[in-house]
Each structure stands twice: as C-alpha cells, then as structure tokens.
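Since the structure comes first, as structure tokens, the remarks are kept for the end.
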Amino acid sequence: MDANPGPAAVEEWRCDVVEGFLWHVGALSPHRHRSHIAGLSCVLIGAPALWGLAAEQQYVIGPMGIVVAIASTSSDYLFVEAKHFRTRRQCYAFDLIAIYTYVVTLSVVCIVKELYYFLPVVLAMILIAKFSVLEIGSWSFSCEAWAFRHTSWHVFVTCICMVVHGTIAQAASPWYNRSPASTLDWFILLCAVELGVQLVATMSWMAFHCKDLPSPIDGVKGCNMDAAVPVLSVPEGGSVLVKDVDPPSLDTPKTATMFV
Ligand SMILES: [Zn+2]
C-alpha cells in the first residue's frame, strides 16, 4: 500500500477488507426483507444486556450485548432494504463483528469470574446454534419463512444472552448450582430449557429435510441462486418485482457455505 494513500485509496482498502470478510462467511439471503417481527426481535436481544448493565453493573459485557442488538437492528431491519448492496453488506459485517466481539468478551469475563464449567457449555451452544438455528434461515424459499426462522434465531440469541448475563451476575453462586432457587434462577433455567428445546427441534427438522438443502455452493451452480437477484416480492399476476440486483461477483462467494 502507498505510504500516503489518499482518501479514495483508504476507502477502497476498507471496502476490500469488509467484502473479503463477507466473502468467507457467507452471502445474504435473497429473502431478507423488512419484517416488523424480525425487527422487534433484534431490539429484544439487547434486553438481557441492558438488565445486566443497569441492575448488575456489568460494565464490560453489558455494553457489548447492547452493541449486538444495535448491529442486529441495523443489519436485519433498518438497512435490510438499503438501496446499495454495499450498505447492506457493511451492516451485515457490523452485525457479525459485534457477535464475535461479544463472544470473545464473554470468554474473558467467564475466565475472570472463574465460570470454568459454564464457558465451554455456552460456547458449544453458540457454535451448534450457528450451524443449525441460524443456518436454517438459509433454507428459506420465501420471505415469510426467512422472517420466521431468523426471528427464531434472535429468540435463541436473546435466551442465551439471558443465561449469560444472569450467570455472570451470580458468578459466586450460579443458578445451576444453587438451592433453594430464586425467581431469577428459575427464569434463567427456563431460558436454558428453551435453548435446548429449540436446538433439538431445529436439528430434528434439519435431519428430516436435509434432502431439501440447497447444494453446497460452487459459484452459483446448484444452490438457490435466485440469491444473486434479490427478489423481494411477487405481485399478483406473476411478474416478479426486483428491488435491485447485487453484482453476482460479490454476492456469490465461492467459499461460502451458508446464507443468512
Ligand atoms: Zn439477525
């Protein structure tokens, strides 16, 4: 890189980094659209973190959880139908980076708080959910299916955040190790049960429907690559309304295994 790159060169480099990152993590589903229920679920993700910050003085992990909710709302609601594909992809990158940063922060906080048993369990839950509860959104063949499945992913994230912030708040005597249990303990347990049920239900559904899975992406071959063309609605009469078309070269990563 030039020793003194101009603003245009810096901007180009920055976009290359964002798009290079996105190239490797996945592509945007053609069925993403502004759904009010999905938008509401984005905001709810921040509730456990807000509680942790306000009631339990979680000054590190609390703000990170709120950033995750803001990033999610930007990516999945505010800018989900942004005119320019680059804006949509940058918001999506912000969403992913916020989640990764939250997970790293969570790991550090758990080590500091000596939650040695909790940390691997919650990391495993997040990893499994990424490849099941989040992945299932990529199997959507309609806007309605995407809205429902992505909202259910947000519900999962909200519950896992409640378990995380609740457990960190009780680090000295966590809910899974306490007797008699308090009302908060039961609430956290309820969220933990929901996580288990959602994981099992999703993975069972995937097992029965794996034959419907779009083929692994090889360029645009074999997958549901209407994906290169974001068709957002089909009006009565059958003609297809296309909001805008992303350059296929940028929206069809060769190495991606999923759409979100
Ligand atoms: Zn989302």
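When you check Val60 against the structure, is it more than 13 Å from the ligand (Cβ to nearest atom) and in contact (Cβ under 8 Å) with a residue 40 or more places away in the chain, yes or no? Answer is yes for this residue. When the criteria are applied in full, Thr167 fails the requirement of being among the β-branched types (Val, Ile, Thr), buried (at least 17 other Cβ atoms within 10 Å of the Cβ) and out of contact with any Phe, Trp or Tyr (no Cβ under 6 Å at 6 or more places or on another chain). Between Ala192, Ala207, Ala201, the distinction of being part of a helix (DSSP H, G or I) and either within 15 Å of the ligand (Cβ to nearest atom) or crowded, with 19+ Cβ neighbours inside 10 Å (or both) belongs to Ala192 only.
Would you confirm, using the coordinates I've provided, whether Val109 is free of Cβ contacts under 8 Å to residues at least 60 places away in the same chain, of a type in the set (A, V, I, L, M, F, W, C) and out of contact with any helix residue (DSSP H, G or I) (no Cβ under 7 Å at 6 or more places or on another chain)? No.
Coordinate-derived values only; no laboratory data. Predicted model, so just to flag it, every value in this text is computed and none were measured. All Cβ positions, glycine included, derive from the backbone under ideal geometry; neighbour counts span all protein chains shown.
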